[in-house]
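Engineer: Sharing a structure, written as structure tokens. Questions coming.
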Amino acid sequence: MNANRPSILWQNILIVLMIIDGILLFLIVISMNLRPSTFHNMGLIDLFISLIILLVFIWKIKENKTSKVDFLKNNWTDIIAFIPIYFIASEFGMIYPHIFIKILIVVKLVAMYLFIQKIGSEAIKYQEKTRLDYALAFFLVIFFFCSYVFYTAEHGINPEVATYDDSIWFVLQTITTVGYGDIIPVTGIGRLMGVMSMFSALILTSIVTSVATFSLIDKFRKGTEILAEKTSSNVKTVNEKLNHINTRLDELDKIDDINKNIEDMKSEIESLKEIIKNKSK
């Protein structure tokens, strides 16, 4: 693992938090009819997640091996990612931000995307492998499309849909199959959005189940590969030791042959001595 990146668990947590912040900031940019209290809570959430990004940025600086100046030059967009732009604007009374603030928020969204690409590369690779990114994209499309169309169709007709908050609440409880029944669509288009949300819940459940199954199979496969690698390494070690023993045995056989030859030579020398001795007599 790269020293300048947190573990894959923390990468996933950061990505989830930043996606939540990105969704809320996007809602602020499109200026839907939300309650003032909702805007205020969005600002607080943006501040909280921005502080987490700031802590990660400080950690990256400490773990960085190059000079601080070079690091800041190469990662200056990260500074934009941890600035709580909307929280600052709301503290100055701009609950419904002007176009300039919206542009700054869009710039922050781009900076957050770049930050995720750098800090969460391992988690992103895993999501691409498991197709979890498709599930996320599918959820976001359904969420924004159904909530917007539902609000457009029901607002002004259905007294239970006074603001966009109510539309979000209806879509979320339908996708999660909770269905409290506090908001009931009265228009045909509203009911159609409810049906789409229901079927999307089935698709999302299937995707999440397949991802979980893939994760278990992948974990088992990796465990099997590690075990096979260890077994192969042990077999290789045993073979090397057996080859070494066979080499030593061959060397011992050669020594025995040499000793036998020496004994034969001694016997021949003794025989020659006897012959010489007999001739001398």
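Engineer: As an exercise: evaluate Ile101 against (1) open to solvent by less than 40 Å² (accessible area, probe 1.4 Å); (2) touching a residue at least 40 places away in the same chain (Cβ under 8 Å); (3) not small (Gly, Ala, Ser) and give the number of the one condition it does not meet.
Structural biologist: Status for Ile101: all satisfied but (2).
Engineer: Still on this structure: Within the group Lys62, Lys108, Lys73, which residue is in a helix (DSSP H, G or I) and touching a residue at least 24 places away in the same chain (Cβ under 8 Å)?
Structural biologist: Exactly one of Lys62, Lys108, Lys73 is in a helix (DSSP H, G or I) and touching a residue at least 24 places away in the same chain (Cβ under 8 Å), namely Lys108.
Engineer: Looking at (1) open to solvent by less than 40 Å² (accessible area, probe 1.4 Å); (2) within 28 Å of Tyr151 (Cβ to Cβ); (3) at pLDDT below 75, can you tell me which one Val208 breaks?
Structural biologist: The single condition Val208 does not satisfy is (1).
Engineer: Could you tell me how many of the residues in segment 76-90 are without any contact (Cβ under 8 Å) to a residue 12 or more places away in the chain and either more than 26 Å from the chain's Cα centre (by Cα) or surrounded by 18 or more Cβ atoms within 10 Å (Cβ to Cβ) (or both)?
Structural biologist: Of the residues in segment 76-90, 1 are without any contact (Cβ under 8 Å) to a residue 12 or more places away in the chain and either more than 26 Å from the chain's Cα centre (by Cα) or surrounded by 18 or more Cβ atoms within 10 Å (Cβ to Cβ) (or both).
Engineer: Under the condition of being under 20 Å from Lys118 (Cβ atoms) and small (Gly, Ala, Ser), which residue from segment 32-70 is modelled with the highest pLDDT?
Structural biologist: If we take residues in segment 32-70 being under 20 Å from Lys118 (Cβ atoms) and small (Gly, Ala, Ser), then Ser50 is modelled with the highest pLDDT.
Engineer: Step by step: first the residues of segment 175-189, then only those that are of a type in the set (S, T, N, Q) and under 28 Å from the mean Cα position of the chain (by Cα), then the one that is least open to solvent (accessible area, probe 1.4 Å). Which residue is that?
Structural biologist: Thr176
Engineer: Which pairs turn up if I take residues in segment 168-180 that are without any contact (Cβ under 8 Å) to a residue 60 or more places away in the chain and part of a helix (DSSP H, G or I) and look for partners that are surrounded by 14 or more Cβ atoms within 10 Å (Cβ to Cβ) and polar (S, T, N, Q) with beta carbon separation below 8 Å, at least 6 apart in sequence or on another chain?
Structural biologist: Ile168/Ser147; Phe170/Ser147; Val171/Ser147; Val171/Ser197; Thr174/Ser197; Ile175/Ser197; Ile175/Ser200
The values are calculated or read from the model by the stated rules, or taken from the named source; none is laboratory data. None of these values were measured; they are calculated from a predicted model. Neighbour counts are summed over all protein chains in view; Cβ atoms, including those assigned to glycine, are modelled from backbone coordinates with ideal geometry. Note: areas computed on protein heavy atoms with side chains; ligands, DNA, RNA excluded. Shrake-Rupley method; radii C 1.70, N 1.55, O 1.52, S 1.80 Å.
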